[in-house]
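For reference, the structure is listed below as C-alpha cells.
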Amino acid sequence: MSKTVVVPMPFTTYTYIADPVNVEHVLKTNFSNYPKGEVYHSYMEVLLGHGIFNVDGELWKKQRKTASLEFASRNLRDFSTKVFKEYALKLSSILNQASFLNQQIDMQELLMRMTLDSICKVGFGVEIGTLNPNSPNNNFAKAFDTANIIVTLRFIDPLWKIKKILNLGSEAQLEKSMKIIDDFTYSVIRTRKAEIDDAKKSGQQNQIKNDILSRFIELGEDNASDKSLRDIVLNFVIAGRDTTATTLSWAIYMVMTHSHVAEKLYLELKTFEENQAKEENVTLPQCDENDDPELFNQRVVQFSKLLNKDSLEKLHYLHAVITETLRLYPAVPQDPKGVIEDDVLPDGTKIKAGGMVTYVPYSMGRMEYNWGPNAASFIPERWFKDGVLKNESPFKFTAFQ
C-alpha cells in the first residue's frame, strides 16, 4: 500500500499524500511553500471572492486571526448555539410528524435545509425559511446550490473558461445564480449597515445583532467594503452548510446501521437527560411512542432546554460517534495545494514547483498504517483511552483541515 502517489501530467504533476509525516510537512513545517495557489483561486473566485478559503499569505492570516477571535467570543457562541437549537427543534418536529404518519423522507435534503437556514441566520442574521414543513423553494438557496456544484465541476471541466467567455451552458447558469446570490447578499449588507448606524446614533448599541456580518461591520477594519463583507460571510456559509449536513447524514446512517452504537448512544442521552433534569430540578413527563405528536414535541423541547455548551461536553460517546464519522467520511475528502518552490517530502518524494500536492483525509481515515487493521470499521470506542476521550494528531486526523 503506497503512502504517496505521484501522477505525472503533460504540463504539471499531481502528488497525493496520506502519510501524517508528509501532511505535517505540507501543512506546518513548510506551510508557506504550499498555498492554495492561483489555479484554485481562479476556479473559486466567482463564489468565494477574497474570503478566507480562497486567499493566501497576509490576507489569509488577517482573516483567520479576526475569525478566531470572533468565534471565541461569548456573544457569537451563545447566539449560534441558540440558532442551531432553534432549527434542530424545527427539524425534530418535521421528523416526528413523518414518523407518526409512517412517511418516507430524504434526510440529507432536510439536513441541508436545516444547516442553510441555521448558517444564514448565524452569518447574515436573516430567516430564509427553507426548513418550513412544506419545504418551500427559495431563490437564494437554489442559486447557492447551483453555484456550488458548477464551481466544483470546474476542477474536472477543461472547457469551463471557454464556456465562461462565450457565456454558454453551465457558466451561463452560474452567472445567473451568482446574480441572485449577490443581489440577496448585498441587500442584507446594506440593510444591516443602516441598522447598526441607527442603533449607534440612538445610543442603543445593545440592539445590534450578534450575527457574523454584524460583528465584521462593527469591527469596521479598513472601513470594510460591501464586497469584502460579502466574501467573508459567503465563505462562512460555504464552510458551515454542506459540511455540517453531510456529516450529520453519515452520522445518522452509521448509528442506524450499527445497533450496538445506537444502544450506547441512547443510554448516554437518556442518562444525561435524567441527570440534568435532577440537577436543574425539572420534572420529566412520561412519554412513549404511542403518545400524540404534540406531547412528544413538548418532551423534545424540554430536552433541548437541558442542552448548552457546558452540558454538551458531558456527552462523550456522542462526541466519539461524530469524530469516528468524520474519520471515515470527512466533509472535505481531499485538499489540494499549489507548490511555489521545488521541495522534498520527508519520505523522499521530490516535489516540483508549479505542481499540486493534495492530502486526502478520506484515504487517510482508511489506512491501516494510520488506524490499525480495523481502520475501515466504524468503532467510536477507538477514541477512548482508559475510559477518557483522547485526541489524535491533526496531521493524522485531518478532517478539520
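Sorting the segments 278-286, 125-133, 212-220 by their mean number of nearby beta carbons within 10 angstrom, highest to lowest, gives 212-220, 125-133, 278-286. In a reduced charge model with +1 at each Lys and Arg Cβ and -1 at each Asp and Glu Cβ, region 221-314 shows a dipole moment near 200 debye about its Cα centre.
Extension gain, residue 252 to residue 198, is 15.0 nm, computed as 0.36 nm per intervening residue step minus the present C-alpha separation.
Farthest towards the positive end of the charge dipole of region 281-401, among the residues 296, 375, 316, is the Cα of 375, using unit charges on the Cβ of Lys, Arg, Asp and Glu. Near the amide H of residue 351, within less than 5 Å, lie the amide hydrogens of 343, 344, 345, all on another chain or at least 5 residues away, with H placed in the peptide plane. When each of the peptides 301-308, 102-109 is scored by the mean number of other C-beta atoms lying within 10 Å of its residues, the order from highest to lowest reads 301-308, 102-109. Using equal-weight Cα scatterers in the Debye expression, the normalised intensity of region 29-169 in log10 at q = 0.12, 0.20 Å⁻¹ is -0.72, -1.21.
In debye to the nearest 20, how big a dipole does region 240-385 give about its Cα centre with +1 on each Lys and Arg Cβ and -1 on each Asp and Glu Cβ?
Details: 15 positive and 22 negative charges, 100 e Å.
About 480 debye.
Checking understanding here: applying a Kyte-Doolittle mean of at least 0.5 and a length along the axis of at least 20 Å (C-alpha), which whole DSSP H helices in the chain pass? Before the final figure, lay out each step's value.
Details: long enough: 57-72 (23 Å, -0.97); 74-100 (39 Å, -0.28); 107-124 (25 Å, 0.57); 139-153 (21 Å, 0.81); 169-201 (49 Å, -0.78); 226-240 (21 Å, 0.63); 242-257 (22 Å, 0.62); 259-279 (30 Å, -0.96).
Helix filter hits for the chain: 107-124, 139-153, 226-240, 242-257.
Seen from residue 347, the other residues with C-beta closer than 9 Å to its C-beta sum to a net charge of 0, counting Lys and Arg as +1 and Asp and Glu as -1. Partner lysines whose Cα lies under 28 Å from the Cα of residue 385, excluding those fewer than 8 positions away in the same chain, are identified as 3, 28, 264, 270, 309, 314, 396. Each of 137, 105, 76 was scored by the projection of its Cα onto the charge dipole of region 1-141, and the greatest displacement toward the positive side belongs to 76; charges sit on the C-beta of Lys, Arg, Asp and Glu.
Out of all DSSP beta bridges in the chain, what portion is antiparallel? Express it as a percent rounded to 5. Don't skip to the end; give the middle numbers.
Details: 13 of 17 bridges.
That works out to approximately 75 percent antiparallel.
The Cα atoms of region 1-62 cover 38, 29, 16 Å along the three principal axes, with the biggest extent listed first.
Among 248, 269, 339, whose Cα projects farthest towards the positive end of the dipole of region 205-349, with charges put on the beta-carbon of Lys, Arg (+1) and Asp, Glu (-1)? After comparing all options, I get 269. Highest mean packing comes first when the peptides 329-335, 56-62 are listed by Cβ atoms within 10 Å, giving 329-335, 56-62. Here the Gaussian network model covers the chain, with springs between Cα atoms less than 10 Å apart; of 321, 39, 233, 39 fluctuates the most.
Given only helices, namely DSSP H runs of n ≥ 4 each adding -39500 (n - 2.57), what is the per-residue ellipticity at 222 nm of the chain, to the nearest 500 deg cm²/dmol? Write out the running numbers ahead of the final one.
Numbers: 17 runs with 231 residues, N = 401.
The helix-only estimate for the chain comes to -18500 deg cm²/dmol at 222 nm.
In the calculated pair-distance distribution of the chain, the portion above 32 angstrom amounts to 45 percent of the Cα-Cα pairs.
Between residue 162 and residue 352, the simple spin-label model (points 7 angstrom out along Cα→Cβ) gives 2.6 nm.
To the nearest 20 debye, what is the magnitude of the charge dipole of the chain about its Cα centre, counting +1 on the Cβ of each Lys and Arg and -1 on the Cβ of each Asp and Glu? List each step's numbers first, then the result.
Numbers: 47 positive and 52 negative charges, 159 e Å.
Approximately 760 debye in magnitude.
Every number here is computed from the coordinates shown, using simple stated rules; none is lab data. Treat the numbers as computed from the prediction; the structure is a model and nothing was measured. Using ideal geometry, Cβ is built from the backbone for each residue, glycine included, and neighbour counts are taken over all protein chains shown.
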